[in-house]
Amino acid sequence: MEIDPRRLLVLHEVASRGGVMRAAEALHLTASAVSQQLAQLEREVGLALIDRSQRRVALTPVGRVLAGYAERIEEELSEARRELTRFTELLAGPVSIAAFPTVIRHLVLPALETLAERHPQVVPRVHELYGAPALRELRLGGVDLAITEHDADESVPAQAALVSHPLYVDEYRIVAPPGWAEIPRTVADLGGVPWIAGPPDQACGQALERLAALHGFTPRRAHLIEEFPPTLALVAAGHGVAIVPSLALLEVSAGEVVVTGISNVGARSLGVVTRVSRARSGEPGPVQAVVIAALREAAQALGARVGKRYGAPRRRRFTWNGQASPGTVSRMGPGGR
C-alpha cells in the first residue's frame with residue numbers, strides 16, 4: 001500500500017478545519033482539487049475516509065485514525081522547517097503574526113519597522129485575529145506567533161501545546177463622560193452608574209466582574225461592546241462609564257473622555273504565544289525570537305510613553321476565585337483580545 005504523504009496533509013487540513021472549503025482556502029486550492037486529493041487517497045488505502053451520507057463533511061473511523069497520523073506528520077514537518085533556520089547564515093523567510101487592533105497599532109507596527117531595519121530578509125505578515133481563532137490558527141500552523149491578552153489578575157488554565165512569552169502589562173483605567181455633573185471619584189460611586197461593558201469572555205469584561213465582586217456592587221450593564229473605539233464613543237456621548245486599557249486611550253483626543261482617578265482597577269497582560277518546540281524545550285525558533293525581541297523593544301518604548309501620560313502604575317495584586325493573581329504566565333489557555 002503506497003500512501004502519498006502530501007494527500008495525508010490535505011486530509012489533515014480537512015479534519016482540523018472542519019470542511020473541504022476551509023481546507024481549500026488554507027491550502028490555496030480549489031474545493032474540487034481538495035475533493036480529488038481525498039478521493040485519490042481513498043483509492044490508495046482502499047477504504048472510505050469521508051462519510052458522504054451527511055450534509056457536512058465527516059470523517060469515517062478510518063479517516064479519523066489516518067488524520068491523527070497526518071497531524072503528527074505535519075507537526076514533524078513544521079519542526080523540521082523551524083530547525084533548518086539554525087543552519088542559515090541570515091535570518092530570513094516569512095513569519096506570520098496574529099494580533100488585534102490596539103496591539104497592531106501600538107506594538108506590531110513599531111516592531112515591523114525594527115525588523116525591516118535589522119533583519120530585512122525576514123518577511124512579516126500580520127493577520128488581524130483575536131482570542132480563540134488566533135490560537136486555533138497558531139495550533140494549525142496558519143500563523144507563527146499570536147499576541148493575546150488576559151486579565152492579569154486572573155489565572156489562566158495551562159495548555160500543553162502553547163507557550164506564552166510575557167510582553168506588556170497594560171493598566172486599566174475607568175473613563176467617564178466629560179459632560180456628567182458628577183464624575184465617579186471612588187469605587188463606591190460605580191454601583192449606580194450605567195456601564196459600557198465588555199463581553200464576559202474578554203479581559204475587560206472579566207476585570208469589571210472582578211472589580212464588582214471585590215467591592216460588592218452589581219454593575220448596571222447598559223451596553224455590551226467588544227471593540228474599544230465604539231466603547232469610547234459611547235462614553236464620550238454620555239451613555240456610561242467603562243473600563244479600558246491605557247493603550248486604547250492613546251487614540252482619543254484630550255478631553256474627549258474623563259480618565260477618573262480611581263486606582264487599583266487591574267490590568268490586562270499581553271503575551272506573545274508560540275507553539276512548543278520539542279527540539280528547543282519550548283524556546284521559540286530564531287525568526288520567532290527576533291520578532292519577539294522587536295515586540296518587546298516596542299513595548300518598552302510604549303511603557304515609557306504611557307507612563308509619561310498617565311503616571312506610574314498604581315495597582316496591587318488581587319485575590320480572585322480563591323487564588324492570588326499571577327505574576328507572569330508561561331502556559332496559555334484560550335482567549336485574548
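Say whether the condition of being more than 30 Å from MET1 (Cα to Cα), at pLDDT below 80 and not hydrophobic (A, V, I, L, M, F, W, C) is met by at least one residue in the stretch 107-116.
Initially, the stretch 107-116 is screened for residues more than 30 Å from MET1 (Cα to Cα), giving 107-116.
Now narrow it down to the ones that are at pLDDT below 80: none.
No: the stretch 107-116 contains no residue that is more than 30 Å from MET1 (Cα to Cα), at pLDDT below 80 and not hydrophobic (A, V, I, L, M, F, W, C).
Is it the case that some residue within the stretch 63-71 is of a type in the set (Lys, Arg), in contact with a helix residue (DSSP H, G or I) (Cβ under 8 Å, 6 or more places away or on another chain), part of a helix (DSSP H, G or I) and in the same structural domain as GLN300 (by TED's automatic domain parsing)?
no
Across the stretch 123-134, what is the total count of residues that are modelled with pLDDT of 90 or more and either surrounded by 21 or more Cβ atoms within 10 Å (Cβ to Cβ) or not assigned by TED's automatic domain parsing to the domain that holds ALA213 (or both)?
2
I need the full set of residues from the stretch 145-191 which are modelled with pLDDT of 90 or more, among the small types (Gly, Ala, Ser) and under 20 Å from VAL103 (Cα atoms), in order please.
Scanning the stretch 145-191 gives a single hit, ALA146.
Of the residues in the stretch 166-194, how many are within 25 Å of the chain's Cα centre (by Cα) and hydrophobic (A, V, I, L, M, F, W, C)?
4
Which ranges mark the helices (runs of 4 or more DSSP H) fully within the stretch 1-56 that have 2 or more residues being modelled with pLDDT of 85 or more and surrounded by 12 or more Cβ atoms within 10 Å (Cβ to Cβ)?
5-17, 31-45
Are any residues in the stretch 101-157 of a type in the set (Gly, Ala, Ser) and part of a helix (DSSP H, G or I), and if so, which ones?
The answer is ALA111, ALA116, ALA132, ALA134.
The values are calculated or read from the model by the stated rules, or taken from the named source; none is laboratory data. The shown structure was predicted, so the numbers you read here are calculated from the model rather than taken from an experiment. All Cβ positions, glycine included, derive from the backbone under ideal geometry; neighbour counts span all protein chains shown.
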